[in-house]
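Have a look at the structure below, then the notes.
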Amino acid sequence: MHTNYHYFLPCAAGVEPYLEQEVAKLASAALCTVRHGGVAVRGPWDLCMQLNLHSRLAQRVLLQVAHARYQSEHDVYKISRETPWEKWFNTTSTFRIDATSRKSPLHSLNFALLRVKDGIADRFRDMSGERPNVDTRQPDVQILTHFDEQTITLYMDTSGEPLFKRGWRQNQGDAPLKETLAAAMLVASDWAYQQGEALLDPCCGSGTIAIEAAQIACGIAPGLQRRFSFENLKPHKPAAWAQIKQQAQQQVHPPTAAIFASDVSFRMVDFARRNAERAGVTHAIDFHGGDALQRPAPVAKGMMLINPPYGERISPRGSIHARASGTERRPSSLPTSQTAADDDFFPLLASHWKRAFDGWTAWVLTPDMKLPQLMRLKASRRIPMWNGPIECRLMRFDIVAGSARTPKPSKEDPAAKSHNHTDNAPSD
């Protein structure tokens, strides 16, 4: 008889409905529920392995081991001491405890975490006379404690390092896009479900969007190249895990779509190629160095997906002129609409698209809600997404040759509403 565990998969704000669809496919008939900041699901231990291996959108896979009401640090200690940690690891394992909170009445999360540690140590000491050691850098076991107004939830973090760390990135630029957000952009734009369409990222940086797209197009599971914390837990079944990975490997196939990527910085293109090689998708991506303001359409029709450098990240420098002047991707603290370079770059980019990309669709991730007016293009969709702490919109533009439309306010996508990022629970 299989034990059904309670899992929680945190994700970036706005990604919850897409993560729910992904988890529902992986979990089959398992119960899946959207919650604030993520998705909850019930299922057997094997589901834990499947979610870690296949989820492109979740930040972690957390397994709930305790949930109770509390009022003080004394309650926190009591709950921790009564939790059967011996089911998950033993005294030879090292552990680390992290915390998230949402409207917790506790005065000090650090002291509360100390009480959780004391509860774990005292339980093991009472049972065997020994206790596991704490290792904050490379622990065998990671425990996450979440406090809200009235309840404490204790989780085993079955992922270890956050899931956006796929295992292939070694070269990156000044402000790399997380792989989980790149995947969310591919899903929200529907490209992930329409893989026959050609894809171009004309500001590819270290290649995150193109590589994530190529792995989708080739059926490569995102977690095939890394290890997970569940491999250090007692319920882990190495033979079952090996079979799950073998099944995933057998699902890899030739790419189902043409994928193109370019960047004005030839150094970044080199980085992207190296990352793609480690990700196993060099054959699936056509890389080129080139100016986004001059690059011709690689095929007659397709979709662009672009995360241009902007304000709080780095200023956009998509042209050869910027590179030549030594200002390419120079850090900036100004919002996008307030920089002279942006005021020049985006209208020029829109003009180039109208000349060279007639019939294409462009999706742009931006924190500037006035970008359509700046580009003189109409955004037919605006999907709220967060790039780390930066609230953004993923905007869709349908390119028509010679168009210079007067933009009208577009409705925000009802499937993904913006959330208060600081209240995500639990999250990285």
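Taking the conditions exactly as written (part of a loop (DSSP other than H, G, I, E, B), modelled with pLDDT of 95 or more and open to solvent by less than 40 Å² (accessible area, probe 1.4 Å)), does Ala58 satisfy them or not?
So Ala58 passes the test.
Please find, among Val76, Val15, the residue that is buried (at least 18 other Cβ atoms within 10 Å of the Cβ), touching a residue at least 24 places away in the same chain (Cβ under 8 Å) and either of a type in the set (Phe, Trp, Tyr) or in contact with a Phe, Trp or Tyr (Cβ under 7 Å, 6 or more places away or on another chain) (or both).
The unique qualifying residue is Val76.
It is to be established whether one or more residues within the stretch 192-212 are within 21 Å of the chain's Cα centre (by Cα), among the acidic types (Asp, Glu) and at pLDDT 95 or above.
There is at least one residue in the stretch 192-212 that is within 21 Å of the chain's Cα centre (by Cα), among the acidic types (Asp, Glu) and at pLDDT 95 or above.
Does Thr145 satisfy the criteria of being of a type in the set (S, T, N, Q), open to solvent by less than 10 Å² (accessible area, probe 1.4 Å) and either assigned to a loop (DSSP other than H, G, I, E, B) or touching a residue at least 12 places away in the same chain (Cβ under 8 Å) (or both)?
Criteria met by Thr145.
Return the total of residues in the stretch 21-55 being open to solvent by less than 10 Å² (accessible area, probe 1.4 Å), of a type outside the set (A, V, I, L, M, F, W, C) and in a helix (DSSP H, G or I).
1
Name the residue that is farthest from the chain's Cα centre (by Cα), counting only residues in the stretch 79-92 that are open to solvent by less than 40 Å² (accessible area, probe 1.4 Å) and either of a type in the set (D, E, K, R) or more than 11 Å from Leu154 (Cβ to Cβ) (or both).
Thr91
The values are calculated or read from the model by the stated rules, or taken from the named source; none is laboratory data. For clarity, every value in this text was computed on a predicted model and none was experimentally measured. Note that we place each Cβ from the backbone using ideal geometry, even for glycine, and neighbour counts take in every protein chain shown. Each accessible area value is taken on the protein alone, full model and side chains, heavy atoms only, with ligands, DNA and RNA left out. Shrake-Rupley method; radii C 1.70, N 1.55, O 1.52, S 1.80 Å.
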